[in-house]
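See structure below.
Computed from the coordinates by the stated procedures, all read-outs in this text should not be read as laboratory data. Keep in mind that what you see is a predicted model, and the values were worked out from it rather than measured. Cβ: placed from backbone, ideal geometry, glycine included. Neighbour counts: every protein chain shown.
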Amino acid sequence: MNTTSTFNLDSEDIPFTPGQTIMQAATAHGTYIPHLCWHPDFSAHGSCKLCTVKVNGRFGSSCTIEAQPGMEVENRTTELDDKRRTLVQMLFVEGNHFCPSCEKSGNCALQATAYELNMMSPHFDMFYPDRPVDASHPDILLDFNRCIMCALCVAASRDVDGKNIFSMGGRGLLGRRVHISSESGKLGDTDFAVTDRAASICPVGVIVPKRKGFAVPIGQRTYDLAPISKQVKETMP
Amino acid sequence: MSDTDMIDAVLDRHHRDGTRLMQILRETQEQFGWLSSATLTRIAEAVAWPRAWVEGTADFYSFFHTRPMGRYRVLWSDNITDRMLGNSDLMQAMCKKLWLEPGRVSEDGLVSVDTTSCTGMCDQGPAVLVNYRAITRMTPARVGEMVGLIRSETPVAEWPAEWFAIDDNIRRKDMLLAHDLAPGQALSAALERGPQKMLAEIKAAKLRGRGGAGFATGLKWEACRNAAGHGAGATHYVVCNADEGEPGTFKDRVLLTSYADLVFEGMSIAGLVVGARKGLLYLRGEYRYLLEPLMSALATRRTAKLLGKNILGTAFEFDIEIHLGAGAYICGEESALIESLEGKPGRPRIRPPFPVTHGYLDQPTTVNNVETLAASCLIAAHGSESYVQHGTEKSTGSKILSVSGDCERPGIYEYPYGVTVRQVLEDCGASDCQAVQISGPSGLCAAEAEFDRKIAFEDIPTAGAFMVFDETRDMFEVARNFAHFFAHESCGFCTPCRVGTTLVRNLMDKIARQHGSPYDIDELFKLHRLMQGASHCGLGNSACNPVFDTLNKFRPAYEHRLMSLDYEPAFDLDAALSQARQMTGRDDAGAHLQNEAET
């Protein structure tokens, strides 16, 4: 009986199993709800707020709200996409994002989401924060200029690698940052390895491998081939 | 004793338990003045936590320092009420005398001077914290003397005792502040009733949370009581929220100063009802000076058999521990407070699950405001029938207001619920009142037309702050002060609040510099709409309230600062394309920007 439960998402019936969140059910169904900090392999973080939907008329994060039979969920409405565009613009101006020179361009969830939401400009004044890069590790470069505070590296290192190399700390706009578990604060002084799950989890261009650049030419990359909304998968890189 | 021995002594005192990290960090910092990289490594090893977790916590709280901040750290409370009492000029004078820039440590590492969020001394400001000790009523003369004491490196403990005097300023007592209960009286009545009947009594009294949200206390206790504990250490907890961070609120300080027994007794009654053996009082770091008196009040209660095992000769066992915060407004949110109690950064949790089922250490936990717990004693001792005689139908009992700002008699006023704003203004001696900020920045800014509204859950709910602004005050500057407050206190977890509070602050500063336009006003409204719906917790949801309220009620305060009331950009995009049209010989619709925008 449970298998027949559905809820309504933008006039589409989405089946779900009890305990699934709106995001999990929609993803299993192949329906795209914009998101950046959510990943199918990890428990919800709920911080980016891109997945904000309207559930029975009230705003909420689809990555944390459990699906209920008969729920009325609004997703890709003008109102919600306007809010999401503003949120993406906020993420662009709080960091230093220079897509043309970024190795992740074309494979970057932030960039792809911005295209999806028709973001034409950053809109707000850029903050240009001072975020030093960390090149101390032999195989990995950390460029925190591109960090969107999704904490997926924290989850991957904790839940899969069992190393707890990263942690979100600090407070507020200028303080919030990823801490690295070594006295120097450098990745090179940890046992982080290029084979760690955390090394490949970053949705933007913070954690990038060294000595390997532009292996796939721009124009043939993930989100060059199809928009992010057409690539809904239950497992992701 | 070597540095390592000193750290180890602190660690041992806390059983090398990572969940006690806040207390470990504070006590270590009290020894060394700051938390060095090596210190954090040592602590992380001892509690067997990843170092990044320990650093993440140390980095989150305003009162922890991972770099030296001077042997004397002077923090000026920067609430709007401190501003109105002239704190800016005093701080500037202090910096000038010390040859210092605000926020910078002096070259010799002696002193730093900065601002901090409201320290809860609004009725006796301007206030400062010196090495986290509260000093009230700063004057130009005191600034001069203080600079002398800092220069001569006189220990803070040897500074004039009267500087540290903090008055209760109780101006009006009602049922709670005029109570006649002896210690143990309410608890003994509760024990006689037993947990079930005591719970029924709280429900019948219709007691609601005094922290502002007004959730029914009986329902909260019942949900906690009915929730099963989890795992091997299955148990229940009572947490008293004394993280009174809402600017303009200081009633919990007075309750903890002069009514501590009532608060502890309320916690014990809650413990009896929910089935807890342990209570935790989370005291805001700004009230550090209350720690020792509260500890000794606890000791007295233990001696009197009001805490510990076999309380009052019964089988009931309950004890209370005090945890200190370290300067983070967000910890007033109950799930952030629990995170902080567990030694983590104060980040509000995803809810559900709620603390009543999964709270402190994942166990069922009831988190109640100081005043709510104190009020429960009246219900225990005198019964619900007498309690509901006070207040209104939906808001029973009394409310303590902390009144500050432009009035003759700032201080503590207790009223039965239902009192009008106008009545309070009359009693505190406020004349020519323009506006009242009720329940702090996240509450309501009431204008003259609303002064006949009532303080009650069904009309104007409040945590207690009541800041009065007379006709001479600039309501734009009031809102701008609050915008700075929220930008400083946003925990940074979710995008809308982390970035939005800073964008709002910057827009308000732009308008203050007379560079604003109606466009910026529209931007403020847009950010308000986004943050109110999309933020993770109440901080982000209410961060734009003061801006929204003042924009709606005191619009001229904004408009006289704008460059132009009907601003048109001088630059005309379509006209700028005329040359290109000429060169290409095009003049169709697609060659016009304006036309394109309209279609």
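Taking chain A, the Cys residues with no second Cys beta-carbon under 4.7 angstrom are A:Cys51, A:Cys63, A:Cys99, A:Cys102, A:Cys108, A:Cys147, A:Cys153, A:Cys202. Roughly speaking, what is the centre-to-centre gap between the range B:13-46 and the range B:151-174 when only Cα atoms are used, to the nearest Å? Spelled out, the Cα-based centre of one part sits 29 Å from the other. Across the range B:171-387, counting alpha-carbon atoms alone, Rg and Dmax equal 15.8, 50 Å. Taking GluC sites (Glu not before Pro) across the range B:313-422, the ones in a DSSP loop with at most 12 further Cβ atoms lying within 10 angstrom of their Cβ are B:Glu393, B:Glu408. Please enumerate, by chain and number, the lysines with C-alpha under 21 Å from the C-alpha of B:Lys309, excluding those fewer than 8 residues away in the same chain. List returned: B:Lys278.
Pairs spanning more than 28 Å between alpha-carbon atoms, out of B:Lys206/B:Lys454; A:Lys83/B:Lys344; B:Lys173/B:Lys394: A:Lys83/B:Lys344. Ranked by how many other Cβ atoms sit within 10 Å of their own Cβ, fewest first, the residues B:Ser335, B:Ser564 fall in the order B:Ser564, B:Ser335.
Applying the criteria of a DSSP loop state and at most 15 other Cβ atoms within 10 Å to the GluC sites (Glu not before Pro) of the range B:124-168 yields B:Glu153. Couplings 3J(HN,Hα) of the range B:500-511, computed from phi: x, 5, 6, 4, 5, 4, 5, 5, 5, 5, 5, 5 Hz, in residue order, whole Hz [Karplus 6.51 cos²θ - 1.76 cosθ + 1.60, θ = phi - 60°; x for Gly and Pro]. Along the axis of the charge dipole computed for the protein assembly as shown (Cβ charges of +1 for Lys and Arg, -1 for Asp and Glu, origin at the Cα centre), the listed residues B:Cys331, B:Pro546, B:Leu191 are led at the positive end by B:Leu191. Pair-distance distribution of the range B:1-50: all C-alpha pairs, bin width 10 Å, starting at 0; shares per bin in whole percent are 29, 65, 6.
Against the empirical curve 2.2 N^0.38 Å, the C-alpha radius of gyration of the range B:290-341 lands at a ratio of 1.46. Its residue count N sets the reference 2.2 N^0.38 Å, and the alpha-carbon radius of gyration of the range A:160-237 equals 1.36 times that reference. Please report the antiparallel percentage of DSSP beta bridges with both residues in chain B, rounded to the nearest 5. Roughly 45 percent of the beta bridges in chain B run antiparallel, per DSSP. Most simply put, the protein assembly as shown has about 60% antiparallel DSSP beta bridges, counting only bridges with both residues inside it. Kirkwood hydrodynamic radius computed over the range A:2-76 comes to 12.0 Å, based on all pairs of distinct alpha carbons.
Separation of the range A:95-163 and the range A:164-201, taken as the distance between their Cα centroids, equals 13 angstrom. Translational diffusion of the range B:64-223 was estimated from the Stokes-Einstein equation, with Rh taken as the Kirkwood radius over Cα pairs; at 10 °C and 1.306 mPa s the coefficient is 83 µm²/s. Computing Rg and the Kirkwood Rh from the Cα coordinates of chain B gives a ratio, Rg/Rh, of 1.01.
Show log10 I(q)/I(0) for the protein assembly as shown at q = 0.06, 0.08, 0.10, 0.11 Å⁻¹, two decimals, from a solvent-free Debye sum over equal Cα scatterers. Here log10 of I(q) over I(0) equals -0.42, -0.76, -1.20, -1.45.
Relative contact order of the range B:3-60, taken over Cα pairs closer than 8 Å and 6 or more residues apart, is 33 percent.
What the phi angles of the range B:196-213 give under the Karplus curve with 6.51, -1.76 and 1.60, with θ = phi - 60°, is a coupling list of 4, 5, 5, 4, 4, 5, 4, 5, 5, 6, 6, 5, 10, x, 8, x, x, 6 Hz, glycine and proline written as x. Phi angles of the range A:207-221 translate, via the Karplus equation with coefficients 6.51, -1.76, 1.60 and θ = phi - 60°, into HN-Hα couplings of 9, 10, x, 7, 6, 9, x, 6, 4, 9, x, 4, x, 10, 7 Hz per residue; Gly and Pro are given as x. Please identify every one of the trypsin sites (Lys or Arg not before Pro) in the range A:165-237 that sits in a loop by DSSP and has no more than 14 other beta carbons within 10 Å of its own beta carbon. Loop-located and lightly packed - A:Lys186, A:Lys210, A:Arg211, A:Lys212, A:Lys233.
Close amide H contacts of B:Gly308 (hydrogens built in the peptide plane, cut-off under 5 Å, sequence separation of 5 or more or a different chain): B:Phe318, B:Asp319. Quarter the surface of the alpha carbon convex hull of the range B:442-571 and you get the mean projected area, 9.0 square nanometres. Structural descriptor for the range A:2-76: relative contact order 38 percent, calculated from alpha carbon pairs under 8 angstrom and at least 6 residues apart.
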